[in-house]
Amino acid sequence: MLSVVNEDGTTHGGSLMDDIVCEGARRMLAAALEAEVNHYAAELTGERDEAGRRLVVRNGHHRERTVTTAAGPIAMKAPRVNDRRVDDETGERKRFSSKILAPWCRKSSKISEVLPLLYLHGLSSGDFVPAMEQFLGSATVTRLTKQWNDDHSVFQGRDLAGSDYVYVWGDGVHPKVRLGQARSCVLALMGVRIDNSKELIALAEGLRESTESWADLLRDCRRRGMCDPELVVGDGAMGLWRALAEVFPQAKHRRCWVHKTRDVVNALPKSAQPGAKKALQEIYNAEDRDHAEKAVKNFGHVYGAKWPKAVKKFTDDVDELLAFHDFPAEHWVHLRTTNPIESTSSTVKQRTKVTRGAGSPAAALAMVFKLAESAQARWRAITAPHLVALVRSGARFERGVLIERKREAAA
């Protein structure tokens, strides 16, 4: 069996391909670190003390440490720098900090991202630890799983008083993981703050998408300081709307057009579906509320006589479907549908699609949380963010355009 010969003359057995990859990665990382330190020292060659001696010089290597990477664990001795310069403001010595391998780094960020994905791809809690122990070590796996649970607990208990959410999207996610009860799902809320940042607000287990489950989650958010949002967008699940009326009565409701279109079209015969879908899109894309309401009447006139139940599914919710017209036109693309949160929900569903008995309820919920948390970095920023604060301040919009607020006549 062939072995890889290291620079120090030692050999390393095992799979030849894996050994070559690991040894190649180690050498490339070592070369990159050496080049980084050499460049740093060369740039500061002119920095000298009163005796003309250089203030920044190489100083051997740090103790060896093992860094877990996508190529496997790599033993590495990072080069050390002796920097004797003093910061004029703080009076403390300056220090070299590698941008490639930070002093605290023990694993690459890619490893942290891939672990919840592996879990959610179908590894049960019983299979997860043995499968990853050889890669990370049993202590690391135990620490990570505990940390994910702790992270979720901290997230669900954080203070929301300083987070003024103007727009909120709600969705019930049904991942293929073992939660607390047979009909459990994950209830998720995300929102846009008054400072324009978009973030996950809450994520907790609920029984289906019942009113009681949504109300418990919303009450918890209010208890932690969350105030009534201006608008809440959902997929039409009645549990969310009833709970909102109880906990956040000042918030306006907006039904998702994608879900409503699907409900209406599915209630029609296949021959009528293409035309109905196009007619609904005309309402959805109308330039303002007046044109939308005219298109609604036309839809009822064309389809109401033959399929009154299908049309009633739509007309009963027209006010909520058209509620986005009361907000800036730049925000309509975000407010028409639940896509902002559905994209994250879809990611979770895809990762759990092939799961068979994935772990304990607490571990499963923690994994869903970590997956949703990692998706935040890829969320689309809201268009025209400066208008979010105006919406919260009570500014009025007609046809999607800001109008001057009329001064009240003096009494």
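The values are calculated or read from the model by the stated rules, or taken from the named source; none is laboratory data. Please read all numbers here as calculations on a predicted model, not as lab measurements. Quick reminder, even Gly has a Cβ in these numbers, built from the backbone with ideal geometry, and neighbours come from all protein chains shown. All accessible areas refer to the heavy atoms of the entire protein, side chains included, with ligands and DNA or RNA removed. Shrake-Rupley method; radii C 1.70, N 1.55, O 1.52, S 1.80 Å.
Quick notes
- Enumeration of residues in segment 156-173 that are in contact with a strand residue (DSSP E or B) (Cβ under 7 Å, 6 or more places away or on another chain) and of a type outside the set (A, V, I, L, M, F, W, C): 156, 163, 164, 165, 167, 170, 171, 172
- Scan of segment 81-103 for residues that are assigned to a strand (DSSP E or B) and in contact (Cβ under 8 Å) with a residue 40 or more places away in the chain, ordered by number: 81
- Residues of segment 237-283 satisfying the condition of being over 28 Å from residue 189 (Cβ atoms) and open to solvent by 80 Å² or more (accessible area, probe 1.4 Å): 270, 271, 274, 277, 278, 281, 282
- Of all residues making up segment 309-325, the number that are open to solvent by 60 Å² or more (accessible area, probe 1.4 Å) and of a type in the set (Asp, Glu): 2
- Residue within segment 222-236 that is open to solvent by 60 Å² or more (accessible area, probe 1.4 Å), assigned to a helix (DSSP H, G or I), more than 29 Å from residue 302 (Cα to Cα) and modelled with pLDDT of 95 or more present: yes
- In segment 240-261, the qualifying residues are those that are out of contact with any His (no Cβ under 9 Å at 6 or more places or on another chain) and free of Cβ contacts under 8 Å to residues at least 60 places away in the same chain, and the one that is farthest from residue 394 (Cα to Cα) is 261.
- Residues of segment 26-40 that are of a type outside the set (S, T, N, Q) and either open to solvent by 40 Å² or more (accessible area, probe 1.4 Å) or farther than 14 Å from residue 64 by Cα (or both): 26, 27, 28, 31, 32, 34, 35, 36, 37, 39, 40.
- Segment 159-176, subset open to solvent by 20 Å² or more (accessible area, probe 1.4 Å) and within 30 Å of residue 381 (Cβ to Cβ), residue modelled with the lowest pLDDT: 174
- Unique match (being out of contact with any Cys (no Cβ under 9 Å at 6 or more places or on another chain) and not aromatic (Phe, Trp, Tyr)) among 225, 234: 225
- Residue 92 meets the conditions (1) farther than 22 Å from residue 35 by Cα; (2) under 38 Å from the mean Cα position of the chain (by Cα); (3) at pLDDT 80 or above in every case but one. The failed one is (2).
- Candidates in segment 194-221 are the residues that are in a loop (DSSP other than H, G, I, E, B) and of a type in the set (D, E, K, R); of these, the one that is surrounded by the fewest Cβ atoms within 10 Å (Cβ to Cβ) is 195.
- Any hit, segment 363-381, residues being modelled with pLDDT of 65 or more, among the aromatic types (Phe, Trp, Tyr) and out of contact with any Ser or Thr (no Cβ under 9 Å at 6 or more places or on another chain): yes
- Residue among 132, 190 that alone is modelled with pLDDT of 90 or more and either crowded, with 18+ Cβ neighbours inside 10 Å or within 16 Å of the chain's Cα centre (by Cα) (or both): 190
- Flag if residue 100 is modelled with pLDDT of 80 or more and open to solvent by less than 90 Å² (accessible area, probe 1.4 Å): yes
- Filter pass, residue 146 being open to solvent by 60 Å² or more (accessible area, probe 1.4 Å), modelled with pLDDT under 65 and of a type in the set (Lys, Arg): no
- So residue 310, is it closer than 21 Å to residue 235 by Cα, in a loop (DSSP other than H, G, I, E, B), modelled with pLDDT of 90 or more and not polar (S, T, N, Q): no
- When residue 302 is tested against the conditions (1) outside any helix (DSSP H, G or I); (2) at pLDDT 90 or above, the lone failure is (1).
- Put simply, of 205, 212 the only residue that is in contact with a Leu (Cβ under 8 Å, 6 or more places away or on another chain) and acidic (Asp, Glu) is 205.
- Restricting segment 284-294 to residues that are open to solvent by 20 Å² or more (accessible area, probe 1.4 Å) and modelled with pLDDT of 90 or more leaves a set whose member that is nearest to residue 253 (Cα to Cα) is 289.
- Taking segment 28-76 as the range and being over 35 Å from the mean Cα position of the chain (by Cα), under 15 Å from residue 100 (Cβ atoms) and in a helix (DSSP H, G or I) as the test, the residues that pass are 31, 34, 35, 37, 38, 39, 40.
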